[in-house]
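> Dropping the structure in here first, questions after.
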Amino acid sequence: MIALTLLGGALRFATLNVSSLDLDESATVILVGRGFSGMLSHLVSSESAPPLYYILVWAWTKVFGAGAIGFRSFSALVGTLTIPVMYLAGRHISVRIGVWTAILTTVSPSMYLFSQEARCYALLLLFSAAAFVYWQRALEDPSRRHLALWSGMSILALLSHYFAVFLFIPEAIVLAARLGWRRIWAAAGAVVLVGLALVPLAAAQRADGKTNWIEDISLSGRIGESAKMFTVGAYGPVVLYALLIAVLIVAGAVALVWRYGDGRERTGAAYAAIIGVSAVGLPLALALTHLIDVYDGRNVIAFWIPFAVLVAAGFGTARAPRAGALLGGALCAISLAMIAAANLVGDYQRNDWRGVGHALGRSSGARVIVGELHAAGPLSIYMGPVSSIPARVPAVREVDFFAFRHLRTVGPPEAAVVPTSPPPGFSPAGVTRRETFAISRFVAPTPTALGRGALISLSANPKIGSTTAEIMLQS
């Protein structure tokens, strides 16, 4: 177990700075950079999550710095600590299943991704896994200590991300069915009270429409995304084929524990399946009924925890060790290939904001930059202050367009496309093309003004349209 934890930590820490900070991470950097009181006061307008992660990472960066490594190292540590906690979740069934659960956590592309991201998901996973462990223990030994620890970890998970409630609800119902509500009312009630206290913050964060983009994506597409996140990660080479193979392996693991598992293995796997399916089903039902639709692959990532225990139960079934090892080895090989691709192939890394910022460089005078929505945040990190232009575009002598490659579910990424025809009054000044992005520059002999509509329509990038273009000024 120690060796697996060290391996997982080395894997996470060694590659922290391979890819640049992305859009969401830049929002974390900017928010925390406001100082403690400014961070809390801007939480409503900036984020859609509770405050715990931001408070902890604010303190962390005071010691380890506010650069990419400073922010991400917190998530890397949290993600590494999740490995032994997941071992305990599987170990509750058997030592063999505990080891397989830890292995899956170590090599999972999504666990690796969130362990290298300056966002709240790694913290959500750690506390959700700990809550699941104490929930398992409370089922067999409903002592006050186990119930209190389950309640405490559930509260910390809920303070990390609102979707922790969807794991808490089925866990509480199963405990109540086994023990009765009288035995668990205090522990469960504490979580409910914290949840109710968070409702005003959650309502205020949702009121400004920050999460409306989720509903713009088809629900079937989001379900497919969550299936990828649970198995092979969001993107990678031949990801659709890898997903198909991974789903077959997972089905084989479930069949193994159902066919060959002993009583304890089957029971542990069944409970994990109940929690996992219920957790996914609750936000899915809310989305289908249009009560509140925030179902997204990232939001549901903590539900991976019970499913990982379920799959590990198949790989670690004592009566079919060879079949389990073959299936488990195959899934681990796919997972490691996806992690390797994310580090070695630029196309499958986060958008290269660092590369764009360095390629654009500093300008001797004011210039307009046209790119994707919210680009001012990450660009400001890598090239100095860049501000969004909300209304009239000022007269400048340089206009630059940039675009990233477009990842696809099937097939290789589409190359970045930028306009090559100059705006009126401007002349081409060159096109820069890299593996994952492209930049086109245009200059004018004297300061020239262009309308917002003209700048948007000039762009040939299909990713930039009337609702997704960001027009920025660097002075």
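Derivation of every value follows stated rules applied to the coordinates shown; laboratory data play no part. On a predicted model such as this, the values are computed, not experimentally measured, just so you know. Counting neighbours? That spans all protein chains shown, and the Cβs are built from the backbone with ideal geometry, glycine included.
> What does the net charge come to around S20 if you take all other residues with beta carbon closer than 15 Å to its beta carbon, with K and R at +1 and D and E at -1?
Summing Lys/Arg as +1 and Asp/Glu as -1 gives -2.
> In addition: Output the Kirkwood hydrodynamic radius of region 305-389, Cα pairs only, in Å rounded to one decimal.
By the Kirkwood definition, the hydrodynamic radius is 16.9 Å.
> Related question: Give the value in nm², to one decimal: projected area of the alpha carbon convex hull of region 2-348, averaged over all directions.
Mean shadow area of the hull around the Cα atoms is 16.8 nm².
> Which percent, to the nearest 5, of DSSP beta bridges fully inside the chain are antiparallel?
90
> Please express the Cα-Cα pair-distance distribution P(r) of region 353-474 as a list of whole percents, one per 10 Å bin, running from 0 to the bin with the greatest distance.
Taking all Cα pairs of region 353-474, the binned fractions are 14, 49, 32, 5, 0 percent.
> Could you list the trypsin sites (Lys or Arg not before Pro) in region 385-425 that lie in coil according to DSSP, counting only those with at most 11 other Cβ atoms within 10 Å of their Cβ?
Here the sparse-neighbourhood loop sites are R392.
> Grab the other residues whose beta carbon is less than 15 angstrom from that of G263, score K and R as +1, D and E as -1, and report the net.
Summing Lys and Arg as +1 and Asp and Glu as -1 gives +1.
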